[in-house]
Amino acid sequence: SEMGQGMAVANTHIPYRDSKLTRLLQDSLGGNSKTVMVACVSPADSNVEESMNTLRYASRTRNIKNAAVRNVVTNNMSPAEAAALKRENQLLKLKVMQLEMTIGQGGMTSGAGPAVG
């Protein structure tokens with residue numbers, strides 16, 4: 001695997017297909033974030049090969065260098081838009097609460113569903 005050979009991510013392609021774990025972590029390993037890698041190994045003789053593979057993987061990921069940049073969102077929202085979003089948020093929270101109560105009472109008994117809204 002070429003992953004993490006000490007080069008900056010901006011100029012290097014990371015072959016995510018080499019590992020299912022790397023594929024799952026691709027946004028964290030090569031994206032705009034800071035990531036902590038925790039490697040769990042076992043001292044048991046029966047797990048030596050798996051522990052060594054884990055340590056090799058952690059070592060390669062340690063060499064990946066990201067330049068995380070803070071995502072800044074400007075607030076160009078009018079007070080009316082903000083109030084509308086707050087109302088929508090309150091209505092959605094009410095719907096969630098009503099649905100949770102319906103589920104807590106044994107679920108829906110008809111195909112029509114609860115009268116919400």
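The values are calculated or read from the model by the stated rules, or taken from the named source; none is laboratory data. This one's a predicted model, so the numbers in the text were calculated from it and none came from an experiment. In this analysis, Cβ positions are derived from the backbone assuming ideal geometry, glycine residues included, and neighbour counts consider all displayed protein chains. These accessible areas exclude ligands, DNA and RNA; they are computed on the full protein's heavy atoms, side chains included. Shrake-Rupley method; radii C 1.70, N 1.55, O 1.52, S 1.80 Å.
Worth a mention:
- Estimated inter-spin distance, GLN105 and LEU21, nm [label 7 Å along Cα→Cβ]: 4.9 nm
- Where N is the number of residues in region 52-93, Cα Rg divided by 2.2 N^0.38 Å: 2.39
- Separation of the CYS40 and THR74 label points, Cα + 7 Å toward Cβ, nm: 4.6 nm
- For region 65-109 and region 31-56, distance of Cα centres in Å: 38 Å
- Counting charges near ALA68 (Lys, Arg +1; Asp, Glu -1) among other residues having Cβ under 15 Å from its Cβ returns a value of +2.
- For region 17-105, trypsin sites (Lys or Arg not before Pro) are listed when DSSP marks them as loop and at most 11 other Cβ atoms sit within 10 Å of their Cβ; the list is LYS34, ARG70.
- Region 69-110 - percent of accessible surface contributed by carbon and sulfur, probe 1.4 Å: 60 percent
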